[in-house]
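Inspection log for the structure reproduced underneath, given as C-alpha cells.
The values are calculated or read from the model by the stated rules, or taken from the named source; none is laboratory data. These numbers come from a predicted model, not from an experiment. For neighbour counting, all protein chains shown are included, and Cβ atoms are generated from backbone atoms with ideal geometry for every residue, glycine included.
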Amino acid sequence: MQISMRFVSTPATISLSAALALSSFPAQAQSSAANRSLPPAVTFTADQDHQNMLHQLGIQALRPGLNGNPKAPDHANYDGSKANPFSNLPDALTLNNGQKVTTAQMWWQQRRPQIVQAFNEYVYGSVPQNVHKVTWTVVAAENENVGFHPVIATELNGHGDNASYPLINVNLRMTLVTPTDAKGPVPVLMMFGPSSLRCGLARGRLTDFPG
C-alpha cells in the first residue's frame, strides 16, 4: 500500500524542510566516509568467482572426475557387483556409542541431535556462526492450483543485512506455496528464483496479500 502526501509550500514548511535536511547531513557524510574506506565492489566472471571461492576455502586443486576410458586407472565402475550396496548405514535407533534408544527422551535429546549433526557434517554442511540476518517481506500473492489442489502462492523478497558492506545489496527472491485450506502446520513448497507459478509478480503486476 502506498500513501501519498502533499504539503503546501509556506515559509514555515520551507524552514522545517531545510532544518530536516541539515540535521541529516552529518549522518549522510559519515556514511559516505565509511563507504569510501571499504574495498570497492568487484564484478567477477564465473571462473573468477570459482577461483575466489577455492582461495577462501583453502582448496589448492579439485579431485578429478572418473575417467570414461575403462582401461584408465581411474575409470568409472559399471560393474554392479563391485558397487557399495550401502548396507552399512547406521541404525537410526542406536547411539554413536552403541547404546540402543529405548525412550522418546533418548531420541529427542541424544539420537536425533546426532543424526542432525551427521547430516550437517556429511550432507548439508554446517551453517556459519555469523550468518547475516535476512528480512522477508511479501511482494505479491495469489490463489493458484497445484494439480487439483487450491494453494496460495506468495512472492517474497528477502533482504540480507549488508551493514558490513553497504556497497552491495543482497536480495533473495522466493515463492512460498501453502495449501489454501491448511488449518495447522503443513508441508510447503519454497522455490528460490523465478517460479513457474502464475502469481502476481510473475504476471508483472502486484496484488494484495489475501486475508
In region 64-104, the residues that are under 21 Å from ILE115 (Cα atoms) and surrounded by fewer than 10 Cβ atoms within 10 Å (Cβ to Cβ):
PRO85, PHE86, SER87, ASN88, LEU89, ASN97, GLY98, THR102, THR103, ALA104
Qualifying residue in region 26-44 (condition: at pLDDT 85 or above, surrounded by 10 or more Cβ atoms within 10 Å (Cβ to Cβ) and not in a loop (DSSP other than H, G, I, E, B)):
no
Which members of region 149-188 meet the condition of being more than 30 Å from SER37 (Cα to Cα) and loosely packed, with under 11 Cβ neighbours inside 10 Å?
HIS149, ASP181, LYS183, GLY184, PRO185, VAL186, PRO187
Filtered residue count, region 47-82, keeping only those that are at pLDDT 90 or above and charged (D, E, K, R)
2
